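Engineer: Below is one structure. I have some questions about it.
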Amino acid sequence: MNKSSEVKKYGEVSSTPLINLKDIFINNIAPYNTKNPTIGFILPENNSDDKIINEVMQHDIFFNSSIKPVHFQNQQAMTDYFNDNRNFLLATVIFESDNYLHYTIRVNNTWTPDSKLEPIMDYAKGRYFEDQAGIAEGDKYEYLFSPIQVAVDQAIIRLKTNDQTLKMDYSFGKLVKSSTEYNENNSSGIVGSYVAMMFLLCIVNIVISIVKEKESGIKNGLLMAGVYPSVFWLSWLIFYLFVIFVVSGGITIFFYFFKTLSNVNSLFIFLSIFFYGMSCCSLSFIFSYFFKNTKTAGPAVSIISVIIIMANMATSYVSLKIRKLIAIFLSPISIGSFIYEIDKMKSHNENLTFNNFIKSDSGYFLLILLANNILYYVLAIVLDIIDNAGGFKSFLLKFFPLKGKNECNIGYQDDYQKDIQDDETNKNKKCMVEVSGISKIFEKKSEDDSKYQNNSNSKSQNLFNFKSLNIFKSTKMSKFIAVNNVSFNVYQDEIFCILGK
């Protein structure tokens, strides 16, 4: 689990004295008086009689209040008014019939209970939510909805009875709350680890497949034929793109129907799983760079991946700042922290929506998952370039060549682009193959060195081999360039090959 089970104990709470509903309303609205609060009214179609509006505003709760009425022609006008940041609309009363007996009160969501919560909640769970939020969900009704409802009911009765002396006055008090215990059992760590584990097989399979291509020489053969290096792992990325999309959609639907992480928009769930799956593919390409045989690659990558994924179990014991830093480099931590923060929001009775996405910690980790994909993709390309250059050392020598007598060993100074054949004799033939800038680096074997040194038949050959050996020994290099940036065309009815020892 992300955090150990914790039992919250809540003692008995005594009943409270009655408080007039007018006082509750005035005290709650007082901090917003400087914003010029308003209450909207929408009358039935073809009804322009403002009498009901004036009657509602004559209720005692609006006495000496800065709240002003606004008459909207329709709900679209109300929505436009509400979306204008210069306005502060508390609520709108929508009369749906000419006799005013059918009406709806739409209240600013600041003072409304969460509609996604159970209508009848477990008592202990309700005490826990009240403790976390600082207010019980049911208490939100008395701040705005109930006072406006009383004012509307009084206005309707007065109009129907023609009795302007009638007053509806209510007071609220709270009953005794008995002591209880709530077992805060958070399983988001398990969910996060399971989600992170889903693509483990994908990582291992891609790494083994790519290493096998290198091990069997398939990659080298295709490179010699002019295939672009990144095509090997890019083909795996395209193949798994569809698989990841289907898996992400399936998991999102499963979470939706079983109310898992119900406090977050389903689109965020889908994107988080999809981004994580794509990052696992790119992470596989990075892992494959460090292995040369499948016997080592499979077990090593499996162990490393499991350790990183299972680290989500300790999420609650690591500070948020450290997790934010680690997540930049490790996508399994990003997805685990994303789920953990969503579950944490749920325990505080909060939802992840498009409005609070950017400001929330869970939104941060979702954006980091996107950043993980970009980081891994760029790093995979860089490592692929280094690998095809003959290793990190050979890659650096391209940009920082050695000086002095050892320079002839490097082989990067000669440009063989001039080896392109004269195509004048073939200008009327169809070009079947165009090879451009192919290179090949082989490892230097020790037994070949001794054979060259012992089986020389000419002085010049001995001298050449001797210098070559000295160069390799002095630079401690174990590789040499066999094919260096060669380009040529092959035309119809021609046969070509590259020969070498």
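Engineer: Pull out the extension gain between Ile322 and Val70, defined as 0.36 nm times the separation in residues minus the alpha carbon to alpha carbon distance; nm, one decimal.
Structural biologist: 85.7 nm
Engineer: Starting at 0 and stepping by 5 Å, how many percent of the alpha carbon pairs of region 1-129 end up in each bin?
Structural biologist: 2, 8, 14, 16, 16, 14, 10, 8, 6, 4, 2, 1, 0
Engineer: Taking Cα pairs under 8 Å and at least six residues apart, what relative contact order does region 28-122 come out at, in percent?
Structural biologist: RCO, region 28-122: 34 percent.
Engineer: Starting from the Cα of Ile304, step 7 Å along the direction of its Cβ; do the same at Asp122; then give the gap between the two resulting points in nm.
Structural biologist: With each label point 7 Å from Cα toward Cβ, the separation is 4.3 nm.
Engineer: Here's a follow-up. In region 285-305, which residues have a backbone nitrogen under 19 Å from the label point lying 7 Å from Val243's Cα in the Cα-to-Cβ direction?
Structural biologist: Residues passing the 19 Å test: 285-289, 294-295, 297-305.
Engineer: Given labels modelled 7 Å from the Cα in the Cβ direction, how far is it in nm from Ile374 to Ile386?
Structural biologist: Going by the 7 Å Cα→Cβ label model, 2.2 nm.
Engineer: Starting from the amide H of Tyr103, placed 1.01 Å from N in the peptide plane, find each other amide H under 5 Å away whose residue is 5 or more places distant or on another chain.
Structural biologist: For Tyr103, the qualifying residues are Glu96.
Engineer: Rounded to the nearest percent, how much of the accessible area of region 1-86 (1.4 Å probe, protein heavy atoms only) is carbon and sulfur?
Structural biologist: 47
Engineer: Could you give the accessible area per residue of region 1-142, probe 1.4 Å, as a whole number in Å²?
Structural biologist: Per-residue accessible area for region 1-142 comes out at 60 Å².
Engineer: Moving on. Karplus couplings for region 309-314 from phi (6.51 cos²θ - 1.76 cosθ + 1.60, θ = phi - 60°), rounded to Hz, Gly and Pro as x?
Structural biologist: Values, residue by residue: 5, 6, 4, 4, 4, 9 Hz.
Engineer: Follow-up. Measure off, as a whole percent, the carbon and sulfur share of the 1.4 Å-probe accessible area of region 323-384, all protein chains present.
Structural biologist: On region 323-384, the fraction of accessible area on carbon and sulfur atoms equals 71 percent.
Engineer: Give me the extension gain from Glu45 to Ala482: residue separation times 0.36 nm, minus the current Cα-Cα distance, reported in nm with one decimal.
Structural biologist: That works out to 148.6 nm of additional length.
Engineer: What residues qualify as long-range amide H neighbours of Phe329, i.e. H under 5 Å apart, gap of 5 or more or another chain, H built at 1.01 Å from N?
Structural biologist: Amide H neighbours of Phe329, under 5 Å, 5+ apart: none.
Engineer: For region 26-37, what does the Karplus curve 6.51 cos²θ - 1.76 cosθ + 1.60, with θ = phi - 60°, yield as ³J(HN,Hα) per residue in whole Hz, taken in order and with x for Gly and Pro?
Structural biologist: 5, 5, 6, 7, 3, x, 9, 4, 6, 8, 6, x
Engineer: Val264's amide H: which non-local residues (gap 5+, or another chain) put their own amide H closer than 5 Å, with H modeled 1.01 Å from N in plane and none for Pro or chain starts?
Structural biologist: HN-HN under 5 Å from Val264: Leu352.
Engineer: For region 49-62, take each phi angle, set θ = phi - 60°, evaluate the Karplus expression 6.51 cos²θ - 1.76 cosθ + 1.60, and give the result in whole Hz per residue in order, putting x for glycine and proline.
Structural biologist: These are the phi-based 3J(HN,Hα) values: 7, 7, 4, 5, 5, 5, 5, 5, 6, 7, 5, 4, 5, 9 Hz.
The values are calculated or read from the model by the stated rules, or taken from the named source; none is laboratory data. Just so it is clear, the structure is predicted and the values come from calculations on it, not from any experiment. All Cβ positions, even for glycine, are placed from backbone atoms using ideal geometry, and neighbour counts span all protein chains on display. SASA here: full protein model, heavy atoms, side chains in, ligands and nucleic acids out. Shrake-Rupley method; radii C 1.70, N 1.55, O 1.52, S 1.80 Å.
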